[in-house]
Each structure stands twice: as C-alpha cells, then as structure tokens.
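What follows is a single structure, written as structure tokens, with notes after it.
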Amino acid sequence: MARRVAVVPGDGIGREVIPAAVRVIGGLGLGLEFDVVAAGAERFLATGQALSDDEFGRLTDADAILLGAIGDPRVTDPAYTAQTLGRIRGELDLYANVRPARLLDQRLSPLRDPGRRPVDLVVVRENTEGLYTSLGGRLRPGTPAETALQQHISTYHGVSRVIAHAFSIARTEVVMAGKANAMPHAGALWQRCWDEARAAHPGVPARQLAIDACALHMITDPPRFDVIVAENCFGDILSDIAAGLAGGLGLAPSANLNPGTGRGMFEPVHGSAPDIAGTGAANPVAAIRTGALMLAHLGFPAEAEALEAAAADAVRCRECTPDAGGSLSTGQATAAVARRLG
Ligand code: IPM
Ligand code: MG
C-alpha cells in the first residue's frame, strides 16, 4: 500500500520550501501520496482555529507528517503555536526532536581555523516537557506587582526515554548538557536518568557539560561533538547554534520522533521567515534534507542518502540560494537538486 505523507506547508516560506521538497521527493517515484493540509495563521486569524480536529485526524492517520513553519508576525496569541506545533508534538508524543548539523561545504563555516570547522553532530532535544508545557500562570497582570510563573517540567518517563534515544544513535559519544548547579531539582532527575543510561551503555563514551559551556565549546571546537541531548528549551537554543555552525538555518533539517510508536513529524529547523517570504529567496535545502530524514524513517534509506547527497552537492557547487553563497531562486535551487537525482 502506498505510504501517505500529510503535508502542512504552514506559514511564510514554509509555503515555498515545502512544495519544493515535495516536488523533489515526488520525483523519486516512490509511490508516496501527499495529503496537503492548509492549516496556518491565515485560518487562525479568520476563525481562531488553526487546525481542525478533522485535519488533525488526517495528520495522525498518515505514515509521516512534513511540516514547513508555524509563525506569522500578525499572530501574537500563544494559542496558535499550541494548536499546531504544540498539539502535533504533544498528542503524538513526539518526544525526541532530532536535529542533525553537518557542514556541507567548508566555505559555509563561520570559523576561521579550517581544523576547527568540520561539523557533523546531532542535537537530540527533549520535545514534550521542559518549559514548553504552558504550565504556570500570571498573578496581578497589568499591575506593578505582576508575577509570571512559567514552570519547567521534567519527568522520569520523559527524560529517561530521550536520553535512551540519544545513546541509541550515538556514533562516537553522547554529551548531556544541563544546568544542574542552578536548577538542582530538574538536575537531580536528569542525573538519575543519565546514570542509568550510562550503566545500560557501558561501551559508549559519554560526558556532561553545563549548557553554557556546551554552547561555547560548540562554537570554539565543534568537531568534538557527536550527539548532544538536552531539555526542550536548551535543545532549541543549541540546535540554532548547530545550524549556524553548519552554514545557517537555510540548510538545517529536523525530525520529531517517537521511536516507541514509530510516529514522526518532519520540519526544517527554520521558521516562516516573513522577511523573505514571497521573494523567491527561501532556501529549499533545509526542507529537502528534512525530506531525506522522512524517507529514512519511511523505510527508504538509499533514497534518503541520495537526496542528502544531491542537496549537499548542489550546495558545494553553489547551485543554491544567496544565504548559502549561490545566486539561485527557490525554484532554481530546487531544480538543481532534482537534476542530480536524474
Ligand atoms: C523550533 C521553533 C519552535 C520551538 C517555535 C516556533 C515555537 O523555534 O522548532 O525550534 O521553539 O520549538
Ligand atoms: Mg527553534
């Protein structure tokens, strides 16, 4: 039976780069069916509901979800993100947000010393807890005594499974980045889960770093890193650092996974980029590489590798958009990748 991919282009450049990725993936002739769901800010602004229950059902019924970007400068209500990204990540329990960063070409590195440039690491971001649950509240809003409480949540269930996933994909080492000295309660729970995971994987080198030191070392000596696991907000920040080191957000893919249920939602690390939406400058490579992660997940490892290699080669040959040193439009850069796939 044909595998079905639910496609949510979303907002801004998501509506440009996701059709580009779908065009390239569709050209591989894998018999995938694409079901486009038009959820997004436009709908939220008009009706207050960005994603209907019926559409959510189409997402949950699909074999994978490919998502562009959620975010629109006209929408400030946090309910919008909660109804879309938050609902998909939360209700499908996609607890591991896997964000690889690999330098496709030397010239894209911000580091001057060539020996320090190579980047090939994966940030595994806890994706369902931390600071992202909306737990908390506001006391005496609008007064000088206004007080906001934004709760950090870490559970034994949530932390142990995401650390286990990090160990399961380690090639050379796992780093856990945290802030136990300033967040002792969460820190102690993460420490317990870390000690258990280390005992379960005695052969895998592992070390702990404070989150700030980790951020620093990622920039000063990126080749030292393989897999980095961190709580939700720390992982959000580290994955943007990783994307910057690997040439920018225009190239950075991500997978939101539940390795237990096999569910997956795939979205580039970048957002909707309203500043360049509609100009033809959006880099389709992040979305195409995100498609490669999706194909590997759907059981097409050879095609996934071919897609990743084609995207990397196009970037190396500067057949890409200006953010990665080329002069092509979104459409031309997409065609450059497609041409390499024959
Ligand atoms: C990301 C984004 C989102 C996040 C925003 C849009 C809520 O920054 O996927 O990294 O912080 O999870
Ligand atoms: Mg982010």
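The values are calculated or read from the model by the stated rules, or taken from the named source; none is laboratory data. Source: prediction; values computed, not measured. Note that we place each Cβ from the backbone using ideal geometry, even for glycine, and neighbour counts take in every protein chain shown. SASA here: full protein model, heavy atoms, side chains in, ligands and nucleic acids out. Shrake-Rupley method; radii C 1.70, N 1.55, O 1.52, S 1.80 Å.
Key figures for this structure:
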{"read-out": "Accessible surface ranking that places the most exposed of Asp61, Asp35, Asp313, Asp195 first, with a 1.4 angstrom probe", "value": "Asp61, Asp195, Asp313, Asp35"}
{"read-out": "Calculated FRET efficiency for the pair Ile219/Gln151, C-beta based, R₀ 45 Å, to 0.05", "value": "0.90"}
{"read-out": "Antiparallel bridge percentage (DSSP; both residues within the chain; nearest 5)", "value": "45"}
{"read-out": "Accessible area in the full protein assembly, largest first, 1.4 Å probe, for Thr155, Thr334, Thr261", "value": "Thr261, Thr155, Thr334"}
{"read-out": "Arg87 versus Arg74: modelled label distance in nm, points set 7 Å from Cα along the beta carbon direction", "value": "2.0"}
{"read-out": "Length-normalised contact order for segment 169-217 - Cα pairs under 8 Å, 6+ apart - percent", "value": "55"}
{"read-out": "Pairwise FRET efficiency - Arg116 versus His185, Cβ, R0 = 51 Å, nearest 0.05", "value": "0.90"}
{"read-out": "Ala206 long-range amide H proximity, modeled H, under 5 Å", "value": "Val174"}
{"read-out": "Spatial separation of Cα centroids for segment 271-326 and segment 192-234, in angstrom", "value": "27"}
{"read-out": "Percent carbon-and-sulfur accessible area, the chain, ignoring ligands, DNA and RNA, probe 1.4 Å", "value": "56"}
{"read-out": "Solvent accessible area, Å² - Glu231, 1.4 Å probe, full protein context", "value": "10"}
{"read-out": "Relative contact order for segment 1-159, counting Cα pairs under 8 Å that sit 6 or more residues apart, in percent", "value": "19"}
{"read-out": "Local electrostatic count, Ile228, Cβ distance below 15 Å [Lys/Arg +1, Asp/Glu -1]", "value": "-2"}
{"read-out": "Mean separation of Cα contacts under 8 Å, 6 or more apart, over the residue count of the chain: relative contact order %", "value": "23"}
{"read-out": "Gain in span if fully extended, Arg107 to Thr60, counting 0.36 nm per residue against the direct Cα distance", "value": "12.9 nm"}
{"read-out": "Average accessible area per residue (Å²) across segment 164-315 - probe 1.4 Å, nucleic acids and ligands excluded", "value": "37"}
{"read-out": "Point-to-point label distance, Glu173-Glu42, nm (Cα→Cβ direction, 7 Å offset)", "value": "4.8"}
